[in-house]
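Report on the following structure.
The values are calculated or read from the model by the stated rules, or taken from the named source; none is laboratory data. Bear in mind the structure is a predicted one, so any value in this text is a computation, not a measurement. Here the Cβ positions follow ideal geometry from the backbone for every residue, glycine too, while neighbour counts run over all protein chains shown.
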Amino acid sequence: MGAERITRRAAISSATGLAGLALSGAAFGQGAGARRVIIDTDPGVDDAFALLLAMRSPELKIEGITPVAGNVPLELSLPNALRMVEIAGRTDIPVAVGAKTPLQRRLITATYAHGENGLGGAVFPAAKVKPIADPASVFIRQIVRKYPGQVTLIMLGPQTNLATALASDPDLARMIKSVVMMGGSLSGGNVTPSAEFNIYVDPEAARIVFQSGIPITMVGLDVTRKTALTDAHVKVLEAANTRVSMAAAKIARNDIDLNRKAGNQSGPNMHDSLALASFLDPTLLKWKQYYVDVETTGELTAGETLGYRPNEAGLRGSAPTLAGTKTSTMLRDKFVPNANVAIDVDSARFFNLLIGRLATKA
Ligand code: BDR
Ligand code: CA
């Protein structure tokens with residue numbers, strides 16, 4: 001179905017039909033067998049959509065949200081996350097304050113795409129709910145240790161918080177069920193010719209995550225570039241006229257305008273919502289296994305993600321020549337993938353899920 005042909009009824013039936021779950025208000029966040037997640041995020045327009053989608057998805061038990069500096073400084077990404085929690089009526093979800101800066105580099109933001117306030121310029125009242133006292137990296141450790149082997153980290157921004165948690169607790173990686181990330185690209189970047197924004201902002205953190213041994217799902221620009229939000233989607237949200245749908249529509253309208261003023265014919269892309277949706281329904285995408293590593297020292301290529309698949313296109317799995325890197329050993333001896341990488345997406349089905357859930361009455 002083309003995006004422009006989404007009707008409210010189709011959107012809602014998609015929302016309820018995907019997992020056969022009734023989306024009553026009481027069900028949000030309490031679905032039987034719901035999977036434990038922490039959402040690490042830098043809202044951000046597409047982050048805001050991803051958060052709202054997550055909070056409308058009964059398959060998820062959201063243990064917490066950990067805002068980080070990225071699209072906008074932490075002084076804005078944190079209150080934006082708190083706003084989304086309030087708009088969704090989910091003030092039961094703890095929000096823990098994340099890193100203000102990348103591990104080693106100065107912060108680069110993306111206000112050109114998300115507006116100065118991170119929400120496309122859409123203004124909402126300040127949230128009344130406050131963050132918890134523990135910082136994000138401590139909170140991540142606590143929750144993972146409380147539920148070893150059960151928690152998936154959904155990473156929608158620079159990966160500083162998780163990298164900090166992993167560096168402070170050597171046993172943590174093996175207790176994390178998986179990481180699902182919007183990050184990276186095997187087909188060129190969006191900040192530099194080679195680097196995608198989330199990885200570019202903190203390549204050292206991303207390298208720690210990719211080399212951690214945690215099973216990784218990578219939803220990168222290869223697929224997220226195919227997810228442009230349109231006026232037709234916004235109209236469905238407006239017609240639904242709920243608190244969540246109207247907030248999403250307001251953010252979308254502002255950011256679509258911002259995109260047009262910047263000379264882009266389409267967009268914004270729903271990068272982070274697609275990563276979140278991939279966890280809800282992996283059949284929305286096609287996948288291939290790679291060993292992914294991150295360039296951290298390149299003067300022009302820092303933040304590039306390289307996907308190794310020996311024997312593909314003549315690639316022998318040759319690794320960086322520096323002795324002692326994990327990449328080198330793993331690829332030389334035997335191909336051991338570390339990431340399931342999305343290589344294609346059914347964009348129409350994705351938008352049916354996203355818009356459908358955001359338009360559903362609570
Ligand atoms: C990623 O960077 C940010 O601008 C978006 O929120 C998304 O996480 C896309 O490159
Ligand atoms: Ca983001």
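Values computed for the structure shown
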item: Filter pass, N264 being under 16 Å from A110 (Cα atoms), part of a loop (DSSP other than H, G, I, E, B) and over 16 Å from the mean Cα position of the chain (by Cα); result: yes
item: Leading residue by the ranking (surrounded by the most Cβ atoms within 10 Å (Cβ to Cβ)) among those in segment 76-99 that are without any contact (Cβ under 8 Å) to a residue 40 or more places away in the chain and within 16 Å of ligand 2 (Cβ to nearest atom); result: N80
item: Count of residues meeting criterion [in contact (Cβ under 8 Å) with a residue 60 or more places away in the chain and within 13 Å of ligand 2 (Cβ to nearest atom)] in segment 35-52; result: 12
item: Every residue from segment 294-344 that is more than 29 Å from the chain's Cα centre (by Cα) and either modelled with pLDDT of 95 or more or among the charged types (D, E, K, R) (or both); result: R316, R332, D333, K334
item: Condition check for D202: within 23 Å of T360 (Cβ to Cβ), acidic (D, E) and within 16 Å of ligand 1 (Cβ to nearest atom); result: no
item: Residues of segment 56-74 satisfying the condition of being surrounded by fewer than 24 Cβ atoms within 10 Å (Cβ to Cβ) and within 16 Å of ligand 2 (Cβ to nearest atom); result: P73, L74
item: Test set (1) modelled with pLDDT of 95 or more; (2) in contact with a Gly (Cβ under 8 Å, 6 or more places away or on another chain) - H114 fails condition number; result: (1)
item: Checklist (1) under 20 Å from the mean Cα position of the chain (by Cα); (2) over 20 Å from H114 (Cα atoms); (3) more than 16 Å from ligand 2 (Cβ to nearest atom) applied to V209, failing item; result: (3)
item: Qualifying positions in segment 164-206 - more than 16 Å from ligand 2 (Cβ to nearest atom) and of a type in the set (A, V, I, L, M, F, W, C); result: A165, L166, A167, L172, A173, M175, I176, L186
